[in-house]
Structure formats: C-alpha cells, structure tokens
Amino acid sequence: LKGVSQVVSGYSGGSAETANYSQVSLGKTPHAESVEITYDPTQISYGQLLKVYFAVAHDPTQLNQQYPDRGT
C-alpha cells in the first residue's frame with residue numbers, strides 16, 4: 001500500500017509473559033490481537049487506511065469472530 005512503511009502485528013492488553021499465540025487463541029489471557037501501522041500521511045490518509053482495514057481485515061459486526069479466529 002503506497003505510503004505504508006511498516007506493519008507490525010502483536011497483542012494488546014495483558015502481560016508480556018502471556019502475549020503468545022497459543023495462550024491468546026485459547027482465550028486464557030485478556031489480550032486482543034493488534035496491528036501497528038507506520039505510514040506517511042502525505043501519501044495516504046488515516047481515513048483511507050481505515051477503509052482498507054475494514055474492507056479487508058476486520059468486520060466489526062462479527063461478535064467474537066474475525067474470519068478464522070474465534071473468541072473474545
């Protein structure tokens with residue numbers, strides 16, 4: 001995506017010790033999967049990033065499920 005220089009996936013909430021896929025996917029932590037995006041606002045706007053995110057990666061109407069992932 002033009003203007004995006006870095007995308008880092010990880011987890012938000014909870015402690016660093018339990019921020020791993022196996023524990024998070026089992027619902028044993030308060031973590032949520034998260035993404036940090038570094039971008040150039042002169043190349044792409046925040047609104048454009050949100051349009052791509054909600055069109056491709058996230059459906060806020062799906063309760064406790066985002067495509068293959070399930071759980072709170």
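Here are the numbers:
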read-out: Subset of region 1-25 that is in contact (Cβ under 8 Å) with a residue 24 or more places away in the chain and outside any strand (DSSP E or B) - its residue that is most open to solvent (accessible area, probe 1.4 Å); value: K2
read-out: Top-ranked residue of region 30-45 - restricted to ones that are touching a Phe, Trp or Tyr at 6+ places or on another chain (Cβ under 8 Å) and without any contact (Cβ under 8 Å) to a residue 24 or more places away in the chain, ranked as most open to solvent (accessible area, probe 1.4 Å); value: A32
read-out: Which numbered condition T61 fails, given (1) in a loop (DSSP other than H, G, I, E, B); (2) open to solvent by 90 Å² or more (accessible area, probe 1.4 Å); (3) modelled with pLDDT of 80 or more; value: (3)
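The values are calculated or read from the model by the stated rules, or taken from the named source; none is laboratory data. Just so you know, these numbers come straight off a predicted model, no measurement behind them. So basically every Cβ, Gly included, is an ideal-geometry build from the backbone, and we count neighbours across all protein chains shown. With ligands, DNA and RNA removed, areas are computed over all heavy atoms of the protein, side chains included. Shrake-Rupley method; radii C 1.70, N 1.55, O 1.52, S 1.80 Å.
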